[in-house]
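One structure below.
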Amino acid sequence: MCNGGAIVSVFTQVRGFVHRCAFPDGTKELNLKLYFNVCRCPEHIMLNLSPVLRLRVLATTDLHLHLMAYDYHNDRADDAVGLVRTATLIRQARSEAEAQGVPVVLLDNGDLLEGTPMADVLSRSQVSHPLITAMHDLGYDAATLGNHDFDFGLDYLDRVLAQARFPVLSS
């Protein structure tokens, strides 16, 4: 017998995701749909679902301070790397979603601040961090910390994170 109540079920559809890695089926996007059902009984939990929210989730990961399309270690241009290249994809995916009235959340999964000679120079500098500025310009909603974000010490990490106008989480 149905006892009413409310649950929220989350389903994902692989259709839209900006990420350097592709899903096993080759797609690079993830759309998230939330469904609401007022009945908690096992017989009805998957019935009569209606979408409440469509949300496009965009994420970057392991940027390692690769801002430009440039291989800093080999001193040559490299069109396969760099936030500048990814920024174009982010703007395109955001524009497509917003044209359909779908809200967008942009996240980063960590390992932002270390990995290039530029990171070494910035770790000894007091300037505004260019990656945080770029993340503001792209409209990041939140970020998480990766293990390499601690490589230059907590004082540096605190100084950089104080510049962020989005929440930064650590697990």
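Things to note:
- Histogrammed with a bin width of 10 Å, the alpha carbon distances of the stretch 46-150 distribute as 13, 40, 28, 12, 5, 2 percent, first bin at zero.
- In Hz, Karplus ³J(HN,Hα) per residue of the stretch 91-105 (6.51, -1.76, 1.60; θ = phi - 60°; x = Gly, Pro): 4, 5, 5, 5, 4, 4, 5, 5, 5, 9, x, 9, x, 10, 10
- With a 1.4 Å probe rolled over the protein heavy atoms of all chains, the accessible area of 104, 127, 168 falls in the order 127, 168, 104, largest first.
- Full-extension gain in nm, residue 96 to residue 125, via 0.36 nm per residue minus C-alpha separation: 6.6 nm
- Convex hull volume of the C-alpha atoms in the stretch 77-139, normalised per residue: 99 Å³.
- Couplings 3J(HN,Hα) for the stretch 130-141, derived from phi with the Karplus relation 6.51 cos²θ - 1.76 cosθ + 1.60 (θ = phi - 60°), are x, 5, 5, 4, 5, 5, 4, 4, 7, x, 4, 9 Hz, where x marks Gly and Pro.
- Trypsin sites (Lys or Arg not before Pro) within the stretch 76-171, DSSP loop, no more than 11 other Cβ atoms inside 10 Å: 124, 165
- The length gained on full extension between residue 170 and residue 62, counted as 0.36 nm times the residue separation minus their Cα-Cα distance, comes to 37.4 nm.
The values are calculated or read from the model by the stated rules, or taken from the named source; none is laboratory data. All values reported here derive from a predicted model rather than from experimental measurement. Here Cβ is always computed from backbone atoms with ideal geometry, including for glycine, and neighbour counts include all displayed protein chains. We work out accessible area using only protein heavy atoms, side chains counted, and drop any ligands, DNA or RNA first. Shrake-Rupley method; radii C 1.70, N 1.55, O 1.52, S 1.80 Å.
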